[in-house]
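Trainee: Take this structure first; my questions come after.
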Amino acid sequence: MNPENALLWEVSLVEFVIVTLVIGGGLAFAVGRSSARSWGGWSFLVFGVALLTLAIRFLHFSLFHGSFFLPPATFGTALHYGLVDFVILLAFAAAGRVTMRSAQMARQYRFLSATGRR
């Protein structure tokens, strides 16, 4: 598999969609839901997404021969794609957090929602 090195993906669009968007996005959504469910702050969310980004970068490295942070020769490339993964995963996590937090608020404070019973 020859690397394409596009702006968003390193090896191919298919592996980017599978690993980052499907696997990583689902896990990031769950991290966002758990941070909202535990009433944790955004710092917990960012820390969880940072750890998840390392795991996703390792999946890119181990399954599709992408770059990883440890060899100093590939650190710049890994940092670029790691930041891309981090931003995308943070968006998924924020969506999970907002979804769960709005459900919590609607359940706790029914008078705030327009569809709540009176």
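Trainee: What number of residues within the range 63-118 satisfy the criterion of being of a type in the set (D, E, K, R), at pLDDT 85 or above and either open to solvent by 90 Å² or more (accessible area, probe 1.4 Å) or touching a strand residue (DSSP E or B) at 6+ places or on another chain (Cβ under 9 Å) (or both)?
Mentor: So the count comes out to 1.
Trainee: Among the residues in the range 37-50, are any open to solvent by less than 50 Å² (accessible area, probe 1.4 Å), within 23 Å of H65 (Cβ to Cβ) and part of a helix (DSSP H, G or I)?
Mentor: no
Trainee: In this structure, is F16 open to solvent by less than 50 Å² (accessible area, probe 1.4 Å) and over 11 Å from the mean Cα position of the chain (by Cα)?
Mentor: yes
Trainee: Within the range 53-62, how many residues are free of Cβ contacts under 8 Å to residues at least 40 places away in the same chain and open to solvent by less than 40 Å² (accessible area, probe 1.4 Å)?
Mentor: 3
The values are calculated or read from the model by the stated rules, or taken from the named source; none is laboratory data. What you are looking at is a predicted structure, and each value in this text was computed from that prediction instead of being measured. When we count neighbours, we look across all protein chains shown, and the Cβ atoms used for this are built from the backbone with ideal geometry, even at glycine. Please note that ligands, DNA and RNA were not included when accessible areas were found on the heavy atoms of the full protein model with its side chains. Shrake-Rupley method; radii C 1.70, N 1.55, O 1.52, S 1.80 Å.
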